Amino acid sequence: MTTDSYIVLISLFGLVVLMTSWLPMVLKEFPLSLPIVCIAFGTLFVWTPLSSMIGDNPLDSRYLTEKITEFVVIIALMGAGLKIDRILGWRSWMTTWRLLAISMPLTIGAIALLGWSFLGLGLASSLLLGSSLAPTDPVLASDVQVGPPLSGEKSEVRFALTSEAGLNDGLSFPFVHLAIVIAASATTGAPWLRDWVIIDVVWRLAAGAGLGWVTGKLLGYLTFHLPNRARLSRTGDGFVVLGITCLSYGLIEMAHGYGFVGVFVTALTLRHAERDSGYHENLHSFAEQIERLMMMIVLVCFGAAIAEGSVFKALDWRVIVASLVILFLVRPIAGWLGLLGSPIRKREKAVIAIFGIRGLGSFYYLAYALGHAPFSHVEILWVTVSLVVLISVVLHGIAVTPVMHWLERENDKADREQVAP
């Protein structure tokens, strides 16, 4: 990279940082989201003379795509866990358990069936497509999530989408690993079922949840319960959350647990170590800022890749139809079926079912799996995931503000009618 290219890159980075702070405030009341602006910015930049000075798009590398999106997701998971005020429980989290136990497997199965029967993918590739696109994204779903810690947010819709995004990113991992072992066994012929059940399902989930709880307990003690002069909370430093996130994720991954599950459990455990401490707001605020900055960088690169033509070069009508079916039929129907019998209002069920936003986690899962086994129809996998994420970013980004305002007005109206004499 030449000196001029470096200066241009530094200037662009400065612009993205300023946009990260300014745009959320400006766009707050508009039917337009920050991710849409990021993608548009990346797209427009490619059409300027400056683009030729920068060099390769980092998202052209599978490895860089995997590592960058991995970091964004774990920061988002930490932030999501820290801002949930509701205490973990069977009844109080029933909406979440329904979405995880019913809606997510239905979504994975339906997308896999669509990939196999309509897109012509093999078994392993179809399952990878389903497990990559099933989770609600913790990064791009921030506009429909609960507010900061201690904000008193009681909306069942916001809580459900926050807690679902926090957990289903990790719970989708066993299905990703199932796709990997199926793809690998096609070339090696080695038996895989027992190892997949024992290691990828039982051990990795248990290690992720268990070590996440232990890490959260330990860090909660260091943060809030040491003598006053030694406790971490006394520093007031929000960047401590970065250390907590990376340490938790690293320790759990070294134990071959699911780090995504572990980071979210660590955040929940830390959040409840001292529920009323204002230090949680500092931690969450810093995590949110880092998450937003990294998200903008990734989406600007995604927009640039779209404009270059490298993302959608394998696009055809079948991919377009499949993507629309995934967003407008599969997730809404699976979400609605998972919430059948739930006591929440029908309009709340509808919003929860519809706003299963797809995003950066899908890119991570796909890049991760492709680095661990040989899959067929890789171009179809990338173009389908990219199109689903793009449509989800645009449509959900435009709809989220008016829909959430409408829902809150209707719920307030219904609550007033219930208490009226």
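The values are calculated or read from the model by the stated rules, or taken from the named source; none is laboratory data. Computed from a prediction, not measured in an experiment: that's the story for all the values here. With ideal geometry, Cβ positions are generated from the backbone for all residues, glycine too; neighbour counts draw on all protein chains shown. The accessibility values were calculated without ligands, DNA or RNA, using every heavy atom of the protein model including side chains. Shrake-Rupley method; radii C 1.70, N 1.55, O 1.52, S 1.80 Å.
Some observations on this one:
- Among Val146, Val403, Val37, residue whose mean-square fluctuation peaks in a GNM of the chain (springs only between Cα atoms under 10 Å): Val403
- For region 278-421, Kirkwood radius (reciprocal of mean inverse C-alpha pair distance, Å): 18.1
- Pairwise FRET efficiency - Ser151 versus Arg345, Cβ, R0 = 22 Å, nearest 0.05: 0.50
- Heavy-atom accessible area per residue - the chain, 1.4 Å, Å²: 44
- Across region 268-280, rounded Karplus estimates of 3J(HN,Hα) from the backbone phi angles (6.51 cos²θ - 1.76 cosθ + 1.60, θ = phi - 60°) give 4, 5, 5, 4, 9, 5, 8, 4, 9, 6, x, 5, 4 Hz, Gly and Pro being marked x.
- The Cα atoms of region 337-407 define a convex hull whose projected area, averaged across directions, is 6.3 nm².
- Mean residue ellipticity (222 nm) of the chain, computed from DSSP H runs ≥ 4 via -39,500 (n - 2.57), nearest 500: -22000 deg cm²/dmol
- Accessible heavy-atom area order of Ser92, Ser163, highest first, probe of 1.4 Å: Ser92, Ser163
- Within region 301-331: backbone nitrogen closer than 12 Å to the Leu337 label point (7 Å, Cα to C-beta): 330-331
- Gyration tensor (alpha-carbon) shape descriptor, region 116-225, a/c threshold 1.5: oblate
- Straight-distance crosslink candidates among lysines, where the alpha carbon sits under 30 Å from Lys346 and sequence neighbours closer than 8 are dropped: Lys28, Lys83, Lys154, Lys413
- Listed residues Ala165, Ala322, Ala287, most fluctuating in the chain (Gaussian network, C-alpha, under 10 Å): Ala322
- In terms of the mean number of neighbouring beta-carbon atoms within 10 Å, the peptides 107-118, 340-351 order highest first as 107-118, 340-351.
- The trypsin sites (Lys or Arg not before Pro) found in region 289-320 that occupy coil by DSSP, while having at most 12 further C-beta atoms within 10 Å, are Lys313.
- Cα gyration tensor category, rounded, prolate or oblate, for region 273-341 with a/c compared to 1.5: oblate
- Global geometry of region 42-121, whether rounded, prolate or oblate, following the gyration tensor of its Cα atoms and the 1.5 cut on a/c: oblate
- In terms of the mean number of neighbouring beta-carbon atoms within 10 Å, the peptides 377-387, 217-227, 268-278 order highest first as 377-387, 268-278, 217-227.
- Across all directions, the average flat footprint of the convex hull enclosing the Cα atoms of the chain is 22.5 nm².
- The string of couplings for region 184-198 from the Karplus curve (6.51, -1.76, 1.60, θ = phi - 60°) is 5, 5, 5, 9, 9, x, 6, x, 9, 4, 5, 5, 5, 5, 6 Hz, one whole number per residue in order, with x for Gly and Pro.
- Accessible surface of the chain, 1.4 Å probe, proportion on carbon and sulfur as whole %: 67
- Per-bin percent of Cα-Cα distances, region 83-178 [10 Å]: 17, 41, 27, 12, 3
- Peptides 10-21, 256-267, 295-306, ordered by how many other C-beta atoms sit within 10 Å of their residues on average, highest first, read 256-267, 295-306, 10-21.
- Sites Val197 and Ser376, calculated FRET efficiency, Cβ-Cβ separation with R0 30 Å, nearest 0.05: 0.75
- Residues with amide H under 5 Å from that of Ser277, placed H, sequence gap 5 or more: none
- Each of His405 and Ala314 was given a label point 7 Å from its Cα along the Cα-to-Cβ line. The distance between the two points is 4.1 nm.
- Computed over region 212-274, Cα set: Rg, Dmax in Å: 11.5, 36
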